[in-house]
Amino acid sequence: MQCYLVGGAVRDRLLGLAVTERDWVVVGATPEAMEARGFRPVGRAFPVFLHPETGEEYALARTERKVAPGYHGFTFHAAPDVTLEQDLGRRDLTVNAMAETAEGELVDPYGGRRDLDSRTLRHVSPAFREDPVRILRLARFAARFRQLGFSVAEDTMALCREMVAAGEVDALVPERVWQELAKALMEDTPSAFLDVLRECGALAVLFPELERLFGVPQRRDYPPQVDTGRHVLMALDQSARLSDELETRFAVLFHDLGKGTTPETELPRHRGHEERGVPLVEAVCDRLAAPNACREIARLVSRHHLTCHRALEIKPSTVVNLLEALDAFRKPERVRRFTDACEADARGRTGFEDRNYDQARFLREAFDAARGVQARRFVEQGLEGPAIAAAVHDARVDAVKRLREGWA
């Protein structure tokens, strides 16, 4: 029985990155032998075990065979005679198909080290085409490593296009799409995820609402980046600079869907795109079964982002109306998520990447001022029911008005 460190831990060490998780492959063992050594079985589809002391995952070397469409359509074979090379050969990318011996010797049968050096994301074998999830994983790794100069090999991109044309992407279930999207949005350059999907044709299948934005013009004076699709990708990368919250990045990705429905006769203006975008956001969230926190902030950003952009110009009463629309006084975390998303939108333009966005700071300070208003004093004055709510609203408006005077 031999144990090998495999996958991301080997890749990241060679790249000089921090290794946060280690996975192992065991060659020459049986499930019974693993349990006899104290390993705890946790795998369902194939034998995976947790180390009795470290808790790290140890999987028996295995092969896989495609037996039906979609990413569920596989059978797995794990046995003592399965070799390390066979196990590595079923993996998606060469940079993920390397292993290390206990002595630290690199095992690299598919050229992963070469592709690391050339900054290339390349499929291990033609078996890549059997699992459409691998397109999503490829795009996600592009998002993770874009800043290191990685790009997708031409033959791998060609293979992805063939898979899309063959309908493999249509077999992806929404839950799996959501899992990969959520991970990709939290990478350093999330726009690269969308770039790869678009280049191979998968974006039009999975997110037609986003695909529709490319080529849709915007006014040249606002923003200078006149293609709506490119603007969204630029804003998405700005959101990665501003926030480490999935909800914010998700909202930025889908904030301009309404512009894809603007009549051609009205272009390049997009009057009413905020309202038109809301049902499109809802439809995407329904399709993905997105968490409610993501759904709500995406809906709010779509509907109110232009109000945020005008925060220094609108009346104090409109500011309070916005905060109430966000349900900010019950869910204060929404204020930062909303303003971060709107700031990313404002910065997602050529030449605007580092410009100050005072609207966000003002809205946060306005919220702090408004939530200082307590209903108790109006109760003590003898007000009841709707009268209390109206008095609190008016007092919040007065608090924002005083803040605005200090900004003037």
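The values are calculated or read from the model by the stated rules, or taken from the named source; none is laboratory data. Bear in mind that the values here come from a model prediction, so they are computed numbers and not experimental data. Glycine also receives a Cβ, built like all others from the backbone with ideal geometry; neighbour counts cover every protein chain displayed.
Elements of the type helices (runs of 4 or more DSSP H) sitting completely within segment 197-314 and holding at least 3 residues that are of a type in the set (D, E) and more than 30 Å from R129 (Cβ to Cβ): these cover 273-288.
So how many residues does segment 1-51 have that are assigned to a strand (DSSP E or B), within 34 Å of the chain's Cα centre (by Cα) and either within 18 Å of V107 (Cα to Cα) or in contact (Cβ under 8 Å) with a residue 60 or more places away in the chain (or both)? Walk me through it before giving the result.
The first filter runs over segment 1-51 and keeps only residues assigned to a strand (DSSP E or B), leaving 2-6, 23-27, 40-41, 48-50.
Now drop any that are not within 34 Å of the chain's Cα centre (by Cα), which leaves 3-6, 23-26, 40-41, 48-50.
Checking the rest, the ones that are also either within 18 Å of V107 (Cα to Cα) or in contact (Cβ under 8 Å) with a residue 60 or more places away in the chain (or both) come to 3-6, 23-26.
Going through segment 1-51 one residue at a time, the tally reaches 8.
Spot the failing condition for L322; the list is (1) farther than 22 Å from L257 by Cβ; (2) more than 26 Å from the chain's Cα centre (by Cα), and only one is missed. Every condition holds for L322 apart from (1). In the condition set (1) over 16 Å from the mean Cα position of the chain (by Cα); (2) modelled with pLDDT of 95 or more; (3) acidic (D, E), D227 is compliant with all but (2). If you filter segment 72-109 down to residues that are acidic (D, E) and assigned to a loop (DSSP other than H, G, I, E, B), you find that the one that is farthest from A142 (Cα to Cα) is D81.
For residues in segment 320-340 being of a type in the set (D, E, K, R) and in a helix (DSSP H, G or I), which is farthest from A390 (Cα to Cα)? Across segment 320-340, the extreme among qualifying residues is D340.
Here is a list: R161, R134. Which entry is surrounded by fewer than 22 Cβ atoms within 10 Å (Cβ to Cβ), part of a helix (DSSP H, G or I) and touching a residue at least 24 places away in the same chain (Cβ under 8 Å)? Write out each step before concluding.
Working: R134 fails: surrounded by fewer than 22 Cβ atoms within 10 Å (Cβ to Cβ).
None of the other options fit; the residue is R161.
V397 fulfils the conditions (1) at pLDDT 90 or above; (2) more than 23 Å from T339 (Cα to Cα) except for a single criterion, (2).
Applying the condition of being part of a helix (DSSP H, G or I), modelled with pLDDT under 90 and out of contact with any helix residue (DSSP H, G or I) (no Cβ under 8 Å at 6 or more places or on another chain) to segment 357-389 and asking which residue is nearest to T318 (Cα to Cα) yields A389. F128 satisfies every condition listed in (1) more than 22 Å from A18 (Cα to Cα); (2) buried (at least 23 other Cβ atoms within 10 Å of the Cβ) except (2).
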